[in-house]
Amino acid sequence: MEFIDHDSDEVRAFVARTVSTADSPMAQAVALYYAVRDKIRYEVYGADLSREGLRASAVLRGGSGMCIHKSIVYAAALRSIGVPARLVLTDVRNHLASPRLRELVGGDVFRFHCLTSVYNGQKWVRATPVFNKMLCRLYGITPLDFDGTADSLYHPFDSRGREHMEFLHEHGEFDDLPHDLVLDGLRAAHPRLFAAGDRFAAGSLLADAQPGDMR
């Protein structure tokens with residue numbers, strides 16, 4: 001696989017330092033979920049959407065990424081331990097984007113939000129190892145947990161009862177990232193998000209979340 005390069009040294013090393021081979025596959029899948037969620041920094045600004053930048057191995061070397069990058073890493077890690085995984089691409093309405101990000105996006109509808117579909121031995125469940133604990137605290141969002149048995153999706157409301165995220169459209173499940181579909185779709189829907197080449201504009205979600213910015 002071009003993007004979900006589960007045999008790469010980077011993915012193997014990430015898995016080796018995260019899980020114990022004595023644990024069951026699903027216990028390992030849960031441990032990998034939390035490692036991707038909390039140890040890879042979530043950042044939209046400056047995201048590298050090039051073919052090289054979206055490979056799981058490259059994301060692990062860089063240590064940060066947005067939903068697409070982190071879901072690719074999780075899928076690669078799962079496949080590395082023999083757990084089937086696919087990418088899920090959706091369009092969502094995010095009610096809690098910062099004013100600056102909403103301006104760059106052109107509203108509150110984000111195209112090609114990505115999560116992961118995981119086969120737990122009995123059925124496919126969905127997991128979203130995207131927003132780490134610190135960002136959830138800053139944006140007033142309850143962190144998403146995953147136990148390997150049920151879907152882990154964005155809650156429709158945040159920790160204060162405000163609307164958070166609404167799923168609008170699903171593009172499907174994919175064995176690897178359909179790069180041209182995603183990049184062309186993002187450029188068409190969110191042209192102001194792009195800076196030079198295949199990289200998003202510079203900025204910081206941490207800076208956007210300073211007190212007062214999210215009200």
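The values are calculated or read from the model by the stated rules, or taken from the named source; none is laboratory data. Worth saying up front: this structure is predicted, and the values here are computed from it rather than measured. Every residue, glycine among them, receives a Cβ derived from its backbone with ideal geometry; neighbour counts consider all protein chains shown. Please note that ligands, DNA and RNA were not included when accessible areas were found on the heavy atoms of the full protein model with its side chains. Shrake-Rupley method; radii C 1.70, N 1.55, O 1.52, S 1.80 Å.
Some observations on this one:
- Quotient of C-alpha Rg and 2.2 N^0.38 Å, computed over segment 9-197: 0.98
- For the chain, the carbon plus sulfur part of the accessible surface works out to 52%, probe radius 1.4 Å.
- For L168, the residues whose modelled amide H falls within less than 5 Å of its own, excluding neighbours fewer than 5 places apart on the same chain, are D91, V92, R93.
- A201-H179 FRET efficiency (beta carbon distance; Förster radius 25 Å; 0.05 resolution): 0.80
- Most mobile of L193, L138, L115 in a GNM of the chain (Cα contacts under 10 Å): L138
- Solvent exposure of the chain, expressed per residue, is 44 Å² of accessible area, with all protein chains present and a 1.4 angstrom probe.
- Relative protection proxy for 31-37, 73-79, 104-110, from highest mean packing down: 73-79, 31-37, 104-110 (other beta-carbon atoms within 10 angstrom).
- Charge dipole (the chain, unit charges on Cβ, about Cα centre) - positive-most of G140, L177, S152: G140
- Taking every C-alpha pair closer than 8 Å and separated by at least 6 residues, the mean separation divided by the residue count of the chain gives a relative contact order of 26 percent.
- In order along segment 176-187, the phi-based Karplus estimate (6.51 cos²θ - 1.76 cosθ + 1.60, θ = phi - 60°) of 3J(HN,Hα) comes to 8, 5, x, 4, 4, 4, 5, 5, 5, x, 5, 5 Hz; Gly and Pro are listed as x.
- Segment 47-110-segment 1-38 distance, computed between alpha-carbon centres (Å): 17
- For the chain, the dipole from Cβ point charges (+1 on Lys and Arg, -1 on Asp and Glu) about the Cα centre works out to 560 debye, to the nearest 20.
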